[in-house]
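One structure below.
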Amino acid sequence: MDAPSADGPFQINGRCIDCGTCWQFDPQHFAPGPSRALVQHQPCGRLETERALLAMQACPVAAIEATPDLRQLTPVDGFPDLVCEHPAAQVLYCGWASKRSFGACSWLVVRPDGNVLIDVPRWSAPLARRIKALGGLAAIVLTHRDDVSDHAKWAQAFGCERWIHSADADAAPEAERLIDGDDAMRIGSDLTLIPTPGHTAGSLCVQLGQSRSVLFSGDHLWWNSEQQVVVASRTYCWWNFPEQIRSVRKLLDLDVAWLLPGHGHRHHFEPGEWRRAIDQTLAWIS
Ligand code: SF4
């Protein structure tokens, strides 16, 4: 039986699919339960309430409930939400998670060479207006077949190209640009697509910058904040786990400051910490 949520105006209903969106975005108030999320602390004050309301907006299945007077306080321009900065680029979380991608995160890279969306949220006109105000979209990168969601609507709205690996291209056959094989490919001056087959045959990671880089990992890797480890999951591997292990090894020599996955927690690494974490992961799964 699920643990009860804290008494108060925010509650989780039976529609919850346990996607993790709420507790990844707002861990102060939401937490994983045995089979669905729970409200571990009711928000207190305006800023905390707005954060919880944005988690409610991000939920892909309307499983978070609040009273009508609180719902009115939902910030109009809450998403995208700034996560980190890299020289010449900002990275923001888009919210508006999609049930079709099981609530996977999508990330917006705002950069002088043109903004790039990494995986896609559900279609949202308010979010599209915000992205337009930030300069629109030059490209969409789809990390793998599971997280393509409403890619057609986003591509049409911004007239931008979509990238996907050819091994997963049947999930987005309209994609204009394909990457083949296992070799990394630079797109623009600061973004690298790194094929990391395993979770699916066409999984790829996206690296922003080379030094103290931001790594968008799709479902190839994520951070487990309870155990403080980088996870490559055999349970959630849909294609070939030995290949996924080889793909993890490919990332060992990167200099990663931020890991931003599709699912699971995001994490900031101090210099040198990435290699130790990946060594630990490889020792665990090999
Ligand atoms: S975001 Fe919604 S569906 Fe996902 S875990 Fe939270 S309440 Fe459940």
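What the table shows:
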read-out	value
Enumerated strands (runs of 3 or more DSSP E) restricted to the range 47-143, each holding at least 1 residues that are among the polar types (S, T, N, Q)	89-93
Which numbered condition Ile17 misses (of (1) more than 21 Å from Arg266 (Cβ to Cβ); (2) modelled with pLDDT of 95 or more; (3) open to solvent by 20 Å² or more (accessible area, probe 1.4 Å); (4) not acidic (Asp, Glu))	(1)
Qualifying positions in the range 211-226 - in a loop (DSSP other than H, G, I, E, B) and either open to solvent by less than 20 Å² (accessible area, probe 1.4 Å) or modelled with pLDDT under 95 (or both)	Asp219, His220, Leu221, Ser225, Glu226
Any hit, the range 183-192, residues being at positive phi, open to solvent by 40 Å² or more (accessible area, probe 1.4 Å) and over 19 Å from the mean Cα position of the chain (by Cα)	yes
Residue in the range 99-107 that is of a type outside the set (D, E, K, R) and more than 15 Å from the ligand (Cβ to nearest atom) present	yes
Yes/no for Glu243 being free of Cβ contacts under 8 Å to residues at least 40 places away in the same chain and open to solvent by 10 Å² or more (accessible area, probe 1.4 Å)	no
Hits in the range 33-46 (condition: within 10 Å of the ligand (Cβ to nearest atom), open to solvent by 20 Å² or more (accessible area, probe 1.4 Å) and of a type in the set (A, V, I, L, M, F, W, C))	Leu38
Unmet criterion (only one of (1) over 15 Å from Ala155 (Cβ atoms); (2) crowded, with 22+ Cβ neighbours inside 10 Å; (3) away from the ligand (no atom under 16 Å from the Cβ)) for Ala139	(1)
Residue that is surrounded by the most Cβ atoms within 10 Å (Cβ to Cβ) [pool: residues in the range 170-182 that are of a type outside the set (Gly, Ala, Ser) and over 26 Å from Pro112 (Cα atoms)]	Asp182
Filtered residues of the range 67-83 (kept if within 16 Å of the ligand (Cβ to nearest atom) and in contact with a Gly (Cβ under 9 Å, 6 or more places away or on another chain))	Gly78, Phe79, Asp81
Per-region count, the range 85-107, residues open to solvent by less than 10 Å² (accessible area, probe 1.4 Å) and more than 20 Å from Cys19 (Cα to Cα)	2
Residue in the range 114-126 that is within 28 Å of Val256 (Cβ to Cβ), more than 10 Å from the ligand (Cβ to nearest atom), surrounded by fewer than 23 Cβ atoms within 10 Å (Cβ to Cβ) and not assigned by TED's automatic domain parsing to the domain that holds Ile187 present	no
Residues that are in a helix (DSSP H, G or I) and either touching a residue at least 24 places away in the same chain (Cβ under 8 Å) or buried (at least 23 other Cβ atoms within 10 Å of the Cβ) (or both), drawn from the range 144-159	Arg145, Asp146, Asp147, His151, Lys153, Trp154, Ala157, Phe158
Residues satisfying the stated conditions in the range 8-32, i.e. within 9 Å of the ligand (Cβ to nearest atom), in a loop (DSSP other than H, G, I, E, B) and over 18 Å from the mean Cα position of the chain (by Cα)	Asn13, Arg15, Cys16
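The values are calculated or read from the model by the stated rules, or taken from the named source; none is laboratory data. All figures in this text were calculated on a predicted structure; none of them were measured in a lab. In this analysis, Cβ positions are derived from the backbone assuming ideal geometry, glycine residues included, and neighbour counts consider all displayed protein chains. The accessibility values were calculated without ligands, DNA or RNA, using every heavy atom of the protein model including side chains. Shrake-Rupley method; radii C 1.70, N 1.55, O 1.52, S 1.80 Å.
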